[in-house]
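Trainee: First the structure, which I've put down as structure tokens, then a few questions once you've had a look.
The values are calculated or read from the model by the stated rules, or taken from the named source; none is laboratory data. Note that the coordinates shown come from a computational prediction; the quantities given were computed from them, not determined experimentally. Because the Cβ atoms are built from the backbone with ideal geometry, glycine has one as well, and the counts that use them run over all protein chains shown. Just the protein is used for accessible areas: all its heavy atoms, side chains included, with ligands, DNA and RNA removed. Shrake-Rupley method; radii C 1.70, N 1.55, O 1.52, S 1.80 Å.
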Amino acid sequence: MVKRRPTLAELADNLGISANTASRALTGRDGVSQRTRELVRTEAKRIGYLSRRTDDANDRSKSIALTIPSPMHAFSAELFAAIEAGARAADRSLDVYVTEENSARERDIVDHIMRSDVAGVIAIPVQHDDNPWPTLVDADVPVVMVSREVDALDCDFVGVDSEAGQYAATRHLISQGCRSLVILDEDLEISTVEQRRHGFDRALSETPDAVAHAVSVPSRRFEAGRGSWRAEEAYRACVELIASGHSFDAIALGDDDFALGALRALDEAGIRTPEDVCVTGYGDHPYAAWASPALTSVKLPSRIIGELAVSRLLQRLAGDTGPTMRRQIAPELVTRASSIRL
């Protein structure tokens, strides 16, 4: 039986200090007294702990951790497939954790990873004030953030240029003659939603005679036992919007699931798509081309992002200590019948 290597968390617990302090003591960084450095090094030697910076690569765990909000959403599913393929090709296993957009759950996951023998992490963070990720970074665990960034965290990032995606969709709607536009997106306080709104607002600001109205959809897709099917929330929001008498000739949705609900609400109200109201989705999920009418949508480079993320993490695990990478990939607008006025 192979003996499990002691973790940084165990070393820190033995001394009654934080993992951050233990890591700084071992790696010679500032903010730690000489006495603490000596205590940490002595304890590390006693229990047989080796710093991730000095440990031989052959002794490291082959496991990579992946944290995602939901395994059922199309973006996460495609991202997972690309990362799993890359990890497998590198002869590494993949441990998958689901946060359900819950900050407490994320903290528990990070704590578990900290206490496990994990080589590195790829994560879609929850993005909240009580951010647990610096603990891993300070402990020299390589971390690559995907889709969303964490403020002031010095780690690699690969994501979608969400602002550019929604900007392209909104400019397309304007090009079809639409001037009273609605943006309907989820009410999560995350950077991707904020960026989509920025793209929408930027396109509207370039069209002086255009007006906008924003609708937030309750984010209940991560309740226990539920999947990513959220068309009903968008359906209800659109029914209420129509009943309010608000006049609009285009609706840009933050997700293709939302678009399905919007299309049904419009149809039931006798509002024609695209003759009366043009509709765009976001994500270009596999069913988008089969909706009625076929749905214009922003196609996300999910697989490319997954491939870049796992490639970058593997470079870090191979010893790359270069500057952090920040890459945003522009999505592609796929136009179909739901938004094209002949």
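Trainee: Out of the stretch 254-287, which residues are farther than 26 Å from Asp161 by Cα and not in a helix (DSSP H, G or I)?
Mentor: Within the stretch 254-287, Ala269, Gly270, Ile271, Arg272, Thr273, Pro274, Glu275, Asp276, Val277 meet the criteria.
Trainee: For Gln195, work out the one condition from (1) open to solvent by 10 Å² or more (accessible area, probe 1.4 Å); (2) in contact with a strand residue (DSSP E or B) (Cβ under 6 Å, 6 or more places away or on another chain) it doesn't fulfil.
Mentor: Every condition holds for Gln195 apart from (2).
Here's the yes/no breakdown for (1) at pLDDT below 95; (2) over 25 Å from Ala288 (Cβ atoms):
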| site | (1), (2) |
| --- | --- |
| Ala85 | no, no |
| Ser93 | yes, yes |
| Asn102 | yes, yes |
| Arg105 | yes, yes |
| Val110 | yes, yes |
| Val121 | no, yes |
| Pro134 | yes, yes |
| Val158 | no, no |
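Trainee: Hey, another quick one. Is there any pair with a first residue in the stretch 131-160 that is under 15 Å from Ile190 (Cβ atoms) and a second that is charged (D, E, K, R) whose Cβ atoms are under 6 Å apart and which are 6 or more apart or on different chains, and what are they?
Mentor: Between residues of the stretch 131-160 that are under 15 Å from Ile190 (Cβ atoms) and residues that are charged (D, E, K, R), the close pairs are Phe157/Glu149; Phe157/Arg326.
Trainee: Another question, if that's okay. Just give me the residues in the stretch 60-91 being of a type in the set (D, E, K, R), touching a residue at least 40 places away in the same chain (Cβ under 8 Å) and touching a Lys or Arg at 6+ places or on another chain (Cβ under 7 Å), in sequence order.
Mentor: Within the stretch 60-91, Lys62, Glu78 qualify.
Trainee: State all residues of the stretch 156-167 that are surrounded by 22 or more Cβ atoms within 10 Å (Cβ to Cβ) and touching a strand residue (DSSP E or B) at 6+ places or on another chain (Cβ under 8 Å); if no residue qualifies, say none.
Mentor: Result: Asp156, Val158, Gly159, Val160, Gly165, Gln166.
Trainee: Is it true that some residue in the stretch 129-146 is open to solvent by 20 Å² or more (accessible area, probe 1.4 Å), closer than 18 Å to Gln195 by Cβ and not small (Gly, Ala, Ser)?
Mentor: Checked the stretch 129-146: no residue is open to solvent by 20 Å² or more (accessible area, probe 1.4 Å), closer than 18 Å to Gln195 by Cβ and not small (Gly, Ala, Ser).
Trainee: Restricting attention to the stretch 96-112, and to residues there that are over 20 Å from Gly306 (Cα atoms) and open to solvent by less than 10 Å² (accessible area, probe 1.4 Å), which single residue is farthest from the chain's Cα centre (by Cα)?
Mentor: Once the filter is applied, the top-ranked residue is Val110.
Trainee: For the stretch 180-217, give me each residue that is of a type in the set (Asp, Glu) and touching a Ser or Thr at 6+ places or on another chain (Cβ under 9 Å).
Mentor: Asp185, Glu186, Asp187, Glu194, Asp201 - these are the residues of the stretch 180-217 that are of a type in the set (Asp, Glu) and touching a Ser or Thr at 6+ places or on another chain (Cβ under 9 Å).
Trainee: Ala250 fails exactly one of the following numbered conditions: (1) under 15 Å from Ala288 (Cβ atoms); (2) modelled with pLDDT of 95 or more. What is the number of that condition?
Mentor: For Ala250, the exception is condition (1).
Trainee: Return a yes/no flag: does the stretch 319-339 have any residue that is open to solvent by less than 10 Å² (accessible area, probe 1.4 Å), within 24 Å of Ser180 (Cα to Cα) and either in a helix (DSSP H, G or I) or at pLDDT 95 or above (or both).
Mentor: Yes; the residues of the stretch 319-339 include at least one that is open to solvent by less than 10 Å² (accessible area, probe 1.4 Å), within 24 Å of Ser180 (Cα to Cα) and either in a helix (DSSP H, G or I) or at pLDDT 95 or above (or both).
Trainee: Taking only pairs six or more apart or across chains, which ones have beta-carbon atoms under 6 Å, a first residue in the stretch 234-253 that is closer than 25 Å to Arg336 by Cβ, and a second residue that is open to solvent by 30 Å² or more (accessible area, probe 1.4 Å)?
Mentor: Listed by first residue and then by second, the contacts come to Tyr235/Arg264; Ile242/Ala269.
Trainee: If you don't mind, there's one more thing I want to ask. Considering the stretch 217-247 alone, what residues qualify as being aliphatic (A, V, I, L, M) and at pLDDT 55 or above?
Mentor: Val217, Ala231, Ala234, Ala237, Val239, Leu241, Ile242, Ala243, listed by residue number.
Trainee: Is it the case that some residue within the stretch 73-87 is of a type in the set (D, E, K, R), over 21 Å from Pro142 (Cβ atoms) and surrounded by 18 or more Cβ atoms within 10 Å (Cβ to Cβ)?
Mentor: Yes, the stretch 73-87 has at least one match.
Trainee: So for the stretch 178-197 (the condition being assigned to a loop (DSSP other than H, G, I, E, B) and modelled with pLDDT of 95 or more), does at least one residue qualify?
Mentor: Within the stretch 178-197 (the criterion being assigned to a loop (DSSP other than H, G, I, E, B) and modelled with pLDDT of 95 or more), the answer is yes, since at least one residue qualifies.
Trainee: Turning to a different aspect of this structure: Might you let me know whether the stretch 38-52 holds any residue that is part of a loop (DSSP other than H, G, I, E, B), open to solvent by 60 Å² or more (accessible area, probe 1.4 Å), at pLDDT 70 or above and under 25 Å from His112 (Cβ atoms)?
Mentor: Checking the stretch 38-52: not a single residue is part of a loop (DSSP other than H, G, I, E, B), open to solvent by 60 Å² or more (accessible area, probe 1.4 Å), at pLDDT 70 or above and under 25 Å from His112 (Cβ atoms).
Trainee: Please enumerate the residues belonging to the stretch 323-342 that are in contact with a Gly (Cβ under 7 Å, 6 or more places away or on another chain) and not charged (D, E, K, R).
Mentor: Scanning the stretch 323-342 gives Gln328, Pro331.
Trainee: Now, a different point. Report yes if some residue within the stretch 310-318 is surrounded by fewer than 24 Cβ atoms within 10 Å (Cβ to Cβ) and part of a loop (DSSP other than H, G, I, E, B); otherwise report no.
Mentor: Yes: one or more hits.
Trainee: Among the candidates Arg24, Arg35, Arg29, single out the residue that is in a helix (DSSP H, G or I) and either at pLDDT below 85 or among the β-branched types (Val, Ile, Thr) (or both).
Mentor: Answer to the check: Arg24.
Trainee: Let me ask you something else. What do you reckon, is Ala164 among the small types (Gly, Ala, Ser), at pLDDT 90 or above, in a helix (DSSP H, G or I) and in contact with a Pro (Cβ under 9 Å, 6 or more places away or on another chain)?
Mentor: yes
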